[in-house]
Amino acid sequence: GDGAGGDGAGGDVREGGRWGGVGCGCLGGSLGCVLTLGASPAVTELLSTAAATEHFTVLVAEGRCDGSGHTTAAALAGVAPVVMIEPGAAARCMPFVQLVLCAAHAVGEDGGAICDIGALTLAHVAAAHRGPV
């Protein structure tokens, strides 16, 4: 492997190969691909717990310039295959994503959420691809 969750072979992401210079085995496992944004202890714990019984690849989009997404990737590296992607690549990967997880810093009584920058864009792209957020 190439250490990035893929098989290191060329080809399209749909083939479990490489796209954008990183590997992505998105078709393997019972959950396929899960996309998350930045770092969140709650999301990391949820994915770690789920990895005990499910098989999936985690795509981590860097949510902030402080490198918080790398924290999530490092925490999940021993639990599930992890691929770091640029936030702009999230839309390209979305057809292969079965679930998008974004943590909320706060949730209002009207259901509105305060999230990291980029979470609303991911939600719109997921909705366009009919994926659950």
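Residues of region 63-78 that are over 17 Å from A103 (Cα atoms) and touching a residue at least 40 places away in the same chain (Cβ under 8 Å): none at all. Note on region 92-114: residues that are in contact (Cβ under 8 Å) with a residue 24 or more places away in the chain and open to solvent by 50 Å² or more (accessible area, probe 1.4 Å) total 4.
So is L122 among the aliphatic types (A, V, I, L, M), at pLDDT below 90, crowded, with 16+ Cβ neighbours inside 10 Å and not in a helix (DSSP H, G or I) or not? It is false that L122 is among the aliphatic types (A, V, I, L, M), at pLDDT below 90, crowded, with 16+ Cβ neighbours inside 10 Å and not in a helix (DSSP H, G or I).
Let's see how each residue does on (1) at pLDDT 85 or above; (2) of a type in the set (K, R):
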{"residue": "V83", "(1), (2)": "yes, no"}
{"residue": "P95", "(1), (2)": "yes, no"}
{"residue": "Q98", "(1), (2)": "yes, no"}
{"residue": "L101", "(1), (2)": "yes, no"}
{"residue": "H105", "(1), (2)": "no, no"}
{"residue": "G111", "(1), (2)": "yes, no"}
{"residue": "A127", "(1), (2)": "yes, no"}
{"residue": "R130", "(1), (2)": "no, yes"}
{"residue": "V133", "(1), (2)": "no, no"}
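Taking the criterion of being part of a strand (DSSP E or B) and either open to solvent by 10 Å² or more (accessible area, probe 1.4 Å) or of a type in the set (F, W, Y) (or both), the residues of region 44-90 that qualify are F56, V82, M84, I85.
The values are calculated or read from the model by the stated rules, or taken from the named source; none is laboratory data. Owing to the predicted nature of the structure, the values given are computational and were not obtained by experimental measurement. For neighbour counting, all protein chains shown are included, and Cβ atoms are generated from backbone atoms with ideal geometry for every residue, glycine included. In case anyone asks, the SASA skips ligands and DNA or RNA and just uses the protein heavy atoms, side chains included. Shrake-Rupley method; radii C 1.70, N 1.55, O 1.52, S 1.80 Å.
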